[in-house]
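Undergrad: Structure below; questions to follow.
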Amino acid sequence: MVVGVLALQGSFNEHIAALKRLGVKGVEIRKPDQLQNVSSLIIPGGESTTMARLAEYHNLFPALREFVKMGKPVWGTCAGLIFLANKAVGQKLGGQELVGGLDCTVHRNFFGSQIQSFEAELSVPALASQEGGPETFRGVFIRAPAVLDVGPDVDVLADYPVPSNKVLYSSSTVEIQEENAMPEKKVIVAVRQGNLLGTAFHPELTADTRCFLCRHSYFLKMMSEVGEGTSSGGKGTSSGIVVVGGENLGFNQQPKIDLPIFQ
């Protein structure tokens, strides 16, 4: 499987570099017909309104929705999570088009503006016990969204505590729907529903390869699961991940760092 990375704007280079460190080929996607050449897709973080306008300009939304409906693995980080949500609140006036597929409501800039970006240790004991590694991992939140609610088929992978009196916005340029945007004691920051994975933070900007949500190996395992389920080759058929350099993909190997990352 060749992993496509939507390359309209945002951190697509960092995602491709992270895939390269795991020995997997990533290719930039900017046009609808390029989606035919990949078996999975990452929608990176960036400015979601700008990304939506560029996607609309290139007529990408119909092809992206079809890609999701076909059951191919799609991972949205930060702005990509907003893209994949069925509903988004806290948008700029006029809103933005969404791809949809994740049965959840996302608040576009729940944690505030750019200067309110932060890093935090996220507690994931259940996932750590399943995948190994520590019970926490570093989440890099950059003008980050949050998931306000999820449907019954959505698995919550990580959440983050927030003060009950947290003020979300002071900007008059953002349309607030207060009844949907009231903070809870914890907000959801990572979800999975079938072939769709969404994170409010940026796993591609961390060097922690021990915890599965802080590296791309979890997504690659999702690709393998989907590949095994849809392959016509029967039991034992390879999922077809393209490995750069012809070496086997070892999820526990130390990454080769070729871009600046948060430590």
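Undergrad: Go through the stretch 72-117 residue by residue and tally those that are small (G, A, S) and over 13 Å from L197 (Cβ atoms).
TA: 9
Undergrad: Checking the condition acidic (D, E), touching a Phe, Trp or Tyr at 6+ places or on another chain (Cβ under 7 Å) and closer than 21 Å to N13 by Cβ, which residue from E97, E119 passes?
TA: Going through E97, E119 in turn, just one is acidic (D, E), touching a Phe, Trp or Tyr at 6+ places or on another chain (Cβ under 7 Å) and closer than 21 Å to N13 by Cβ: E119.
Undergrad: Please count how many residues of the stretch 119-132 are modelled with pLDDT under 85 and not in a helix (DSSP H, G or I).
TA: Of the residues in that region, 3 qualify.
Undergrad: Going through the stretch 139-159 one residue at a time, which ones are under 19 Å from E119 (Cβ atoms), part of a loop (DSSP other than H, G, I, E, B) and not charged (D, E, K, R)?
TA: Those that are under 19 Å from E119 (Cβ atoms), part of a loop (DSSP other than H, G, I, E, B) and not charged (D, E, K, R): I142, A144, P145.
Undergrad: Within the bounds of the stretch 172-180, is there any residue that is at pLDDT 65 or above and farther than 25 Å from V24 by Cα?
TA: Checking the stretch 172-180: not a single residue is at pLDDT 65 or above and farther than 25 Å from V24 by Cα.
Undergrad: Of all residues in the stretch 188-206, how many are within 23 Å of M70 (Cβ to Cβ), assigned to a strand (DSSP E or B) and open to solvent by 10 Å² or more (accessible area, probe 1.4 Å)?
TA: Number of matching residues: 2.
Undergrad: Helices (runs of 4 or more DSSP H) wholly in the stretch 11-118 with at least 1 residues that are in contact with a helix residue (DSSP H, G or I) (Cβ under 8 Å, 6 or more places away or on another chain) and aromatic (F, W, Y) - which ones?
TA: Numbers: elements: 12-21, 48-57, 61-69, 79-84.
The qualifying helices (runs of 4 or more DSSP H) are 61-69, 79-84.
Undergrad: How about the stretch 13-35: which of its residues are open to solvent by less than 30 Å² (accessible area, probe 1.4 Å), within 22 Å of P62 (Cβ to Cβ) and not β-branched (V, I, T)?
TA: L35
The values are calculated or read from the model by the stated rules, or taken from the named source; none is laboratory data. Just so we're clear, the structure is a prediction, and the values are computed from it rather than from any experiment. As a convention, Cβ positions derive from the backbone with ideal geometry for all residues, glycine included, and neighbour counts pool all protein chains shown. Note: areas computed on protein heavy atoms with side chains; ligands, DNA, RNA excluded. Shrake-Rupley method; radii C 1.70, N 1.55, O 1.52, S 1.80 Å.
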